[in-house]
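The values are calculated or read from the model by the stated rules, or taken from the named source; none is laboratory data. Computed from a predicted structure; not experimentally measured. Methodologically, a virtual Cβ is constructed for each residue, glycine included, from the backbone with ideal geometry; neighbour enumeration extends over all protein chains shown. The accessibility values were calculated without ligands, DNA or RNA, using every heavy atom of the protein model including side chains. Shrake-Rupley method; radii C 1.70, N 1.55, O 1.52, S 1.80 Å.
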Amino acid sequence: MHIISVLVNNYPGVLSRVVGLFSRRGYNIESLAVGTTEKEDISRITLTVEGDDYTVTQVIRQLNKLIDVLKVQNIGARDNVSRELLLVKVGYDSNTRDDIMHIVDTFRAKVIDISMDSLIIEITGDSEKINAFINLISKFEVKELVRTGLVALERGNKSLKEYEGEL
């Protein structure tokens, strides 16, 4: 799994061109997260893709050729911190509430909404933690589930905008 971080100008259509590059080459994007950076005119796109090193290197070279792409880095190849967010709505009754809350506490998740018969739970963490939580909570009545794509930053002092021409 490769984590590709892309800094782009925050203009309409840029995301479409980036994603189009992957689809034209037949590469599947496992996850995708996009948001503005510390500069509101620049966005960061974080993509996770499967593939060998050669293929990912080729994709990165093609991304660098796109207009409005400022920097591209395979940060999965570097020491990084990555997280996902999961929101899940779970139905409960008096028999299952304590079991669900035990799982929530164990995973340091949070109940962010509660009604008479359902809870919305929020959890952040790496993909393994999110998958383990989903595996346990799926034994109950999962009404809805949504998870973000992976977001990641390289550890240390260097930032993506400081890389010049590296692959």
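Quick one: go through the stretch 122-155 and flag any residue whose amide nitrogen is under 12 Å from the point 7 Å out along the Cα-to-Cβ line of VAL111. Those under the cut-off are 122.
Summarising the label geometry, the points placed 7 Å from Cα in the beta-carbon direction at GLU144 and ASP99 lie 2.4 nm from one another. Remark: for residue pairs LYS110/LYS158; LYS110/LYS143; LYS39/LYS110; LYS71/LYS129, the C-alpha separation exceeds 23 Å in LYS110/LYS158; LYS39/LYS110; LYS71/LYS129. Here the chain is treated with +1 on each Lys and Arg Cβ and -1 on each Asp and Glu Cβ, and its dipole about the Cα centre works out to around 520 debye. Please compute, over every Cα-Cα pair in the stretch 64-129, the percentage with a separation greater than 17 angstrom. That fraction is 56 percent.
Can you work out the FRET efficiency for the pair GLU128 and ASN9, with r the C-beta to C-beta distance and R0 = 41 Å, to the nearest 0.05? About 0.75, to the nearest 0.05. In the chain, excluding the sites themselves, the longest stretch lacking any of the GluC sites (Glu not before Pro) that are in a DSSP loop with at most 15 other Cβ atoms within 10 Å is 51-163. Of interest is the spacing of the C-alpha centroids, which for the stretch 1-48 and the stretch 100-157 amounts to 25 Å.
Surface analysis of the stretch 71-167 yields an accessible area of 61 Å² per residue, using protein heavy atoms and a 1.4 Å probe.
To put it simply, the accessible area of the chain at a 1.4 Å probe is 48 percent carbon and sulfur.
Exposed loop sites here are trypsin sites (Lys or Arg not before Pro) assigned a DSSP state other than H, G, I, E or B and surrounded by at most 12 other beta carbons within 10 Å; excluding them, the longest clear run of the chain is 40-107.
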